[in-house]
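**Q** Could you have a look at this structure, given as structure tokens, before my questions?
The values are calculated or read from the model by the stated rules, or taken from the named source; none is laboratory data. For clarity, every value in this text was computed on a predicted model and none was experimentally measured. Heads up, the Cβs are rebuilt from the backbone with ideal geometry, glycines too, and the neighbour counts pull from every protein chain shown. SASA here: full protein model, heavy atoms, side chains in, ligands and nucleic acids out. Shrake-Rupley method; radii C 1.70, N 1.55, O 1.52, S 1.80 Å.
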Amino acid sequence: MEQERNANKPSAVKRLNLIPRIVCFLFAFIMWIYVMVVDSPDYEQKFESVPITVTGTTVIEKNSSLSVFSGTDISVDVTVKGQKSIISRYSKDDIKVEADVSGVTEGGRKTFALTFDLPSGLSLVSSSATTVDLFIDRKVTLDIDVKAKLSSYKVATDFELGQITCDPSAIRVEGPDSVLRDVKYAYVDVGMNDSYISESFVTDGTVALTDSDGNLIENRYLKLSQNSVKVNVPVYTYKELTLTAATKYGFFDTDNSKISFDPPAVRVKGDPTKLASVDSVSVT
């Protein structure tokens, strides 16, 4: 019996020695996971749609009267490397991507290198772009008269159109010199869908810009003081109005006189709504 107890002692000792080993292994494994996942210096993360800031604009405006017309809504995707515990502190707002245009002396579409300013502890792995194309030109302003025209309309019998006017009669257009120099006219096209016109009306019309040949000019860098104007469309008609006489001071009346006219009526031109209730013209 004593021999059996002595024989079991080694296996019990082995079991007791195995427990610390398992605990050490689990602790080491947890530490390895922590280092690899949390504190590994090789952890990478991608920040999407980091905005690009254009710098040096005040310099070129002062030195060369140039302006940057593009670049207000551009961004890049940036991948950085560092410890996860550090990267997790930051967002894309903490990453600065810039394009410096201060050295530009003439307009045109130009390419600029991007610079990256990262928080401490992070390094740049890659970026979806390392350069950016920007459009630079001299900013000019023009005042252009606005003309209106009707399309797809019919004028009713005995009616005619008057001089169509716009309010305001001119708009201000601002934009790059290379684009604005081609703009010659501003007009409003009022479509009537083949309807008959028989009275004056006022409507809103969208302003369009064209070159000297009538070709439409659409450019996102052009800014109009207003995109629509009031269009006044006068319509006139003719009507025969009988001439009548009105006397003064009592010298003439219907008992002692008969007044006639040659011709007995006149043909007048005017707004249809005003002429509708008028049948005669009194001559004093």
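**Q** Once the Cβ-Cβ distance between residue 79 and residue 184 is put in as r, and R0 is 35 Å, what FRET efficiency do you end up with, to the nearest 0.05?
**A** The formula returns an efficiency of 0.10 here.
**Q** On the first, second and third principal axes, largest extent first, how far apart are the outermost C-alpha atoms of region 108-178 in Å?
**A** The Cα atoms of region 108-178 stretch 84, 25, 21 Å along their principal axes.
**Q** Continuing with the same structure: Keeping every protein chain in place, order 98, 218 by accessible area at 1.4 Å, biggest value first, i.e. largest first.
**A** Most to least solvent-accessible, the answer reads 218, 98.
**Q** Once you have all Cα-Cα distances for region 89-243, histogram them in 10 Å bins from zero and send the whole-percent values.
**A** 9, 25, 19, 16, 13, 9, 5, 2, 1, 0
**Q** How far apart, in nm, are two points set 7 Å out from the Cα along the Cα-to-Cβ line at residue 215 and at residue 61?
**A** It works out to 3.2 nm between the two label points.
**Q** Averaging over all projection directions, find the projected area of the Cα convex hull of region 208-270 and quote it in nm² with one decimal place.
**A** 10.0
**Q** Once the Cα gyration tensor of region 237-284 is diagonalised, what are the square roots of 5 times its eigenvalues, in whole Å and ordered largest first, as equivalent ellipsoid semi-axes?
**A** Gyration-tensor ellipsoid for region 237-284: 26, 11, 7 Å.
**Q** For each pair in 46/139; 96/223; 96/139; 154/269, compute the distance between the two Cα atoms and list the pairs where it is over 26 Å.
**A** Those over the limit are 46/139; 96/223; 96/139.
**Q** First obtain the Kirkwood hydrodynamic radius of region 69-109 from its Cα pairs, then insert it into the Stokes-Einstein equation at 10 °C and 1.306 mPa s, and state the resulting D in µm² per second as a whole number.
**A** Reported coefficient: 118 µm²/s.
**Q** Something else about it: At a Förster distance of 35 Å, what's the computed FRET efficiency of residue 155 paired with residue 284, Cβ-Cβ distance as r, to 0.05?
**A** It comes to 0.50.
**Q** Could you please put 166, 24 in sequence from largest to smallest accessible area, using a 1.4 Å probe?
**A** 24, 166
**Q** Using only Cα atoms, locate the centre of region 155-234 and the centre of region 44-67, then give the distance between them in Å, rounded to an integer.
**A** Between the Cα centre of region 155-234 and that of region 44-67, the gap is 36 Å.
**Q** In addition: What is the P(r) of region 142-230, as percent of Cα-Cα pairs per 10 Å bin from 0?
**A** Histogramming region 142-230 at 10 Å steps yields 15, 45, 26, 12, 2 percent.
**Q** Still on this structure, please answer the following. Helix-derived [θ] at 222 nm for the chain: sum -39500 (n - 2.57) over DSSP H runs of at least 4, divide by residue count, nearest 500?
**A** When only DSSP H runs of four or more count, the value is -6000 deg cm²/dmol.
**Q** Stokes-Einstein D for region 69-161 at 20 °C, 1.002 mPa s, Kirkwood Rh over Cα pairs, in µm²/s?
**A** Here the translational diffusion coefficient equals 117 µm²/s.
**Q** On a 0 to 90 degree scale, rounded to 10, what angle separates helix 2-37 from the longest Cα axis of the chain?
**A** With rounding to tens, the tilt is 30 degrees.
**Q** Taking a probe of 1.4 Å, how large is the accessible area per residue of the chain, in Å²? Present the calculation step by step, with values, prior to reporting the outcome.
**A** On the way: 18880 Å² over 284 residues.
Accessible surface, normalised per residue, equals 66 Å².
**Q** Using Cα springs under 10 Å in a Gaussian network model of the chain, which residue among 158, 255, 213 shows the largest mean-square fluctuation?
**A** Taking springs between Cα atoms under 10 Å, the residue moving most is 255.
**Q** Sticking with this one: When the gyration tensor of the chain is built from Cα positions, what are the square roots of 5 times its three eigenvalues, in whole Å, from largest to smallest?
**A** Equivalent-ellipsoid dimensions as semi-axes: 89, 29, 15 Å.
**Q** Express as a percent, rounded to the nearest 5, the fraction of DSSP beta bridges in region 84-215 (both residues included) that run antiparallel.
**A** So the antiparallel bridges amount to about 70 percent of the total.
**Q** Please figure out what share of the DSSP beta bridges in the chain is antiparallel and state it in percent, rounded to the nearest 5.
**A** 75
**Q** Give me the percent of the accessible area of region 85-163 that comes from carbon and sulfur atoms, probe 1.4 Å, all protein chains in place.
**A** So the carbon and sulfur contribution to the accessible surface is 42 percent.
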